[in-house]
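The values are calculated or read from the model by the stated rules, or taken from the named source; none is laboratory data. Quick caveat, the model's predicted, so the values are computed rather than measured. Cβ sites come from the backbone with ideal geometry, for glycine too, and all protein chains shown count toward neighbours. Side chains included, ligands, DNA and RNA excluded: accessible areas come from the protein's heavy atoms. Shrake-Rupley method; radii C 1.70, N 1.55, O 1.52, S 1.80 Å.
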Amino acid sequence: MAEIAAGRGLTYGCAVTAKLLEEEPQFAALVAQEAGLLVPEYEAKFAALQPEEGRFDTAPLDALLRWAEHFRKPVRGHALVWHDALPGWTRAALAEGRTRAMGVLERHFDHVLAHTRLRIRDWDVVNEPVANPPGSDVPEPAGNSGDLRDTPWLRALGPDYVAIALRAARQRDPTLRLTLNDYGVEADTPPAEEKRQRLLRLLRGLRARNVPLDAVGIQGHLQMREPFRAEVFRDFVRQIRALDLQVLITELDVREVRPPSGDFPARDSQVALRVHAFASAAFEGGARTLLTWGISDRWSWLYREQAVALDPGDVHRGLPYDWELNRKQMWRALA
Ligand code: G3I
């Protein structure tokens, strides 16, 4: 896959965990063969790196970086500022107010960006800052106002926290590619359209104030039950590119409800066609990098974290386990 992509001036990659790379030889072999770029599924998040204040645990991330270096795979960082994967101590500190919050952010950035310097060249500096509109799968609590999600970072630092984080990253390493990453902007639905407009307003505001930003990550957690229109998504990607920002698809996978007929082969081909339509629209819009969130159903987070919560009749699957089918569909439009 990596060679196919590179042949078209594109990059294909996937999310990995140090644990899977270490314990699942088939997973490691597939990643080594298919992926040209890696992203840690968890190891570079705040809770993983600084579980207690001032105690940094980079061992899992370092193991992943060693594997990547051995196989000559670049690694992107995910994610410096996010409302999830935040340890309890951090939430408490952020609630103490601005000065304390700035200290927490600056210390985390100081340590993490110095530790990963020259090994991680691209970071999701802020993950999921945009508020989910009414009607979304995970709507904001009532009373959330404005385009930004109500998070501990917003409450501590105000709406400017996005610019603060981006400036802090740029100041510490001017050669980093700084990315803002979000989801829920892919489908042809009113909530997704509203979220696209909210994200575009945020981006235009950052550009107008010359806030350092190089790229936008669109996660791409697709839902088969949501309609998708390629031209709508393609034009959205073009609008971001028109702001002189690169676009990456950062976390592609597909969730959907078990087909009523239980006909998995038919369902798999529908999923693969959706992946193909989405990837094609992204590339036509100007995206040049696409990562899947995992590399197959078999090891997908959708089974690990979600399985227990699932209604037995409602099977969520990630990318089709039939990787060959998925690979062909994902790049077919680029032949
Ligand atoms: O491994 C740790 C363990 O050491 C620790 O003691 C324990 C404490 O809770 O957590 C364990 O980590 C789990 C981690 O996955 C590694 O498997 C966390 O519990 C669990 O919450 C975490 O879930 C991840 C989730 O993000 C939250 O960080 C999922 O695997 C991961 O797929 C998911 O990925 C997110 C992206 O970062 C952002 N976009 C949405 C995407 C899907 O939700």
Quiz prompt | Amide H contacts of Gly294 (H built 1.01 Å from N, under 5 Å, at least 5 apart or other chain) | solution = Ala15
Quiz item: Per residue, what accessible area does segment 136-276 have, given a 1.4 Å probe and all protein chains present, in Å²?
Solution: 41
Quiz prompt | the chain - charge dipole about Cα centre, Lys and Arg +1 at Cβ, Asp and Glu -1, debye rounded to 20 | solution = 1040
Quiz item: Amide H to amide H, which residues 5 or more places from His78 or on other chains are under 5 Å from it, using H placed in the peptide plane?
Solution: Ala44, Asp124
Quiz item: What residues qualify as long-range amide H neighbours of Asp57, i.e. H under 5 Å apart, gap of 5 or more or another chain, H built at 1.01 Å from N?
Solution: Gln50
Quiz prompt | In sequence order, calculated HN-Hα J values of segment 121-137 (Karplus, 6.51, -1.76, 1.60; Hz; x Gly/Pro) | solution = 9, 8, 10, 6, 6, 10, 10, 6, x, 8, 5, 6, x, x, x, 6, 4
Quiz item: Round to a whole number: what % of the accessible area of segment 174-296 belongs to carbon and sulfur, probe 1.4 Å?
Solution: 51
Quiz item: What ratio of Cα Rg to 2.2 N^0.38 Å holds for the chain?
Solution: 0.96
Self-check item: Net dipole in debye of segment 1-122 [+1 Lys, Arg Cβ; -1 Asp, Glu Cβ; about Cα centre; nearest 20]
Solution: 400
Quiz item: For the charge dipole of the chain, defined by +1 on Lys and Arg C-beta atoms and -1 on Asp and Glu C-beta atoms about the Cα centroid, which residue among Pro87, Leu291, Val211 has the Cα displaced farthest towards the positive pole?
Solution: Val211
Quiz prompt | the chain: Lys pairs at Cα distance under 30 angstrom, eight or more positions apart or on different chains | solution = 6
Quiz item: Okay, helix-only estimate at 222 nm for the chain: each DSSP H run of n ≥ 4 adds -39500 (n - 2.57), divide by all residues, round to 500 deg cm²/dmol; what do you get?
Solution: -13000 deg cm²/dmol
Exercise. Normalise the Debye intensity by I(0) for segment 158-264, one equal point scatterer per Cα, no solvent, then take log10 at q = 0.20 Å⁻¹ and round to two decimals.
Key: -1.06
Quiz item: Relative to the first principal axis of the alpha-carbon coordinates of the chain, what is the inclination of helix 98-115, with its axis defined by its Cα atoms, in degrees from 0 to 90 and to the nearest 10?
Solution: 60
Quiz prompt | Angle in degrees between helix 230-241 and the longest Cα principal axis of the chain, rounded to the nearest 10 | solution = 30
Quiz item: So what's the angle, to the nearest 10 degrees on a 0 to 90 scale, between helix 161-172 and the longest Cα principal axis of the chain?
Solution: 80
Exercise. Report, please, the projected area of segment 95-196 averaged over directions, based on the convex hull of its C-alpha atoms, in nm².
Key: 7.3
Exercise. Could I get the Rg over Rh figure for segment 63-114? Both from C-alpha atoms, Rh via Kirkwood, rounded to two places.
Key: 1.12
Self-check item: For segment 118-172, size of Cβ-based charge dipole, Lys and Arg +1, Asp and Glu -1, in debye
Solution: 460
